[in-house]
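Novice: Okay, here's the structure, questions in a sec.
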């Protein structure tokens, strides 16, 4: 859509049939683009299809892990920790470990071949010309491969369990009224009072949507989040709420880091990128990965390694701007400073896996409310759902508890 908010307002304040047709068919679609262009975060989040249900649901599954927690003692390996988002048990072990599986301890390269499995314990033997040695405590073992031959029968078939994830909808609305006297009075800086008032409310709704997409949390009944028509006033799920949800399922403080008021450091970002990749299998080779933070946090990023920088002399400019972070895992991440995000929060997020959308036939609505006096009253509203997150554990990490003053 070409144009701007003022073009939209010219039609908004008209009531003829042609204007209504253009509002319904063109401008209600185009306004969303205007809203996105005025918000750094919203401009990078996809808008999904309209829905006609109070709760948007989708299936997620935990992928097969590449590591397992175990402790080796003699020829016995005891498994512990978590698998597939819950405490490990005999059933979940069967989906990962079976006779012939080869495990490797990454700290010293010792390899062990599983000869039998019984519940949470496996009998193992040294493999690949290595010598077994006991673990002082449970450690991570890499799942390398399985030994097969032409005559081995397929046993213990595997399958993944799936879970439902969901988000609800949220109504955004504002009302305003204008007396006839004020509407008909011309001011030096306000040529059209209706246009001026409506534009101010649209700007407020835009900020409200940006806050909701980033920070909104669903209603919580004390035990669980409540979505849709299970509560009278539902709220949507923002991007920054997804780490809270996933960490409640299975905590991982390496990708959900509490700084307890301490300043952000370069090592913090390096560790977050590394651990999201190693522990949660983030794929940095695809998608749109961004570091999103508040401008106050961005100040600390500007000063990273300042003593080691070489800057060309330029008499016209003072200072410098950092918009890319080169992580030690060998990947570069663009940095996005947004004033709508919480000041104490920084997220590393793949925008390709997140989107929000609108309720069916409720993208943006205006309604004049009849009155008995010499004034006009209007209602502006729309309803959104989201933010939908595909495989959130692998596509968002968070550092919180950052300083909130510069």
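The values are calculated or read from the model by the stated rules, or taken from the named source; none is laboratory data. Source: prediction; values computed, not measured. Quick reminder, even Gly has a Cβ in these numbers, built from the backbone with ideal geometry, and neighbours come from all protein chains shown.
Novice: So residue 40 ticks every box in (1) buried (at least 16 other Cβ atoms within 10 Å of the Cβ); (2) modelled with pLDDT of 85 or more; (3) under 30 Å from residue 219 (Cα atoms); (4) in contact with a strand residue (DSSP E or B) (Cβ under 6 Å, 6 or more places away or on another chain) but one. Which box is left unticked?
Specialist: Here residue 40 meets the rest and fails (2).
Novice: Determine the pairs where a residue that is closer than 30 Å to residue 47 by Cα, located within the stretch 363-381, has a partner that is part of a loop (DSSP other than H, G, I, E, B) with Cβ atoms under 8 Å apart, the partner being 6 or more residues away or on another chain.
Specialist: Short answer, once both residue conditions are applied: 363/50; 380/364; 381/362; 381/364.
Novice: Now, a different point. Within the stretch 359-372, is there a residue that is touching a helix residue (DSSP H, G or I) at 6+ places or on another chain (Cβ under 6 Å), within 20 Å of residue 227 (Cα to Cα) and surrounded by 19 or more Cβ atoms within 10 Å (Cβ to Cβ)?
Specialist: no
Novice: Report, by residue number, each residue of the stretch 274-289 that is under 10 Å from residue 394 (Cβ atoms) and either without any contact (Cβ under 8 Å) to a residue 40 or more places away in the chain or not in a loop (DSSP other than H, G, I, E, B) (or both).
Specialist: 276, 277, 279
Novice: Evaluate the stretch 124-135: report whether one residue or more is touching a residue at least 60 places away in the same chain (Cβ under 8 Å) and surrounded by 14 or more Cβ atoms within 10 Å (Cβ to Cβ).
Specialist: Within the stretch 124-135, one or more residues are touching a residue at least 60 places away in the same chain (Cβ under 8 Å) and surrounded by 14 or more Cβ atoms within 10 Å (Cβ to Cβ).
Novice: In addition: Only residues that are at positive phi and in contact with a strand residue (DSSP E or B) (Cβ under 7 Å, 6 or more places away or on another chain): list them for the stretch 361-406, please.
Specialist: Filtering the stretch 361-406 down to residues at positive phi leaves 361, 386, 391, 401.
Those that are at positive phi and in contact with a strand residue (DSSP E or B) (Cβ under 7 Å, 6 or more places away or on another chain): 386, 391, 401.
Novice: In addition: Would you check if residue 224 is modelled with pLDDT of 90 or more, closer than 24 Å to residue 82 by Cβ and loosely packed, with under 15 Cβ neighbours inside 10 Å?
Specialist: So residue 224 does not fit the description; no.
Novice: If you don't mind, there's one more thing I want to ask. Mind checking whether some residue in the stretch 387-404 is farther than 20 Å from residue 325 by Cβ, assigned to a helix (DSSP H, G or I), assigned by TED's automatic domain parsing to the domain that holds residue 283 and touching a helix residue (DSSP H, G or I) at 6+ places or on another chain (Cβ under 7 Å)?
Specialist: The answer is yes; a qualifying residue exists.
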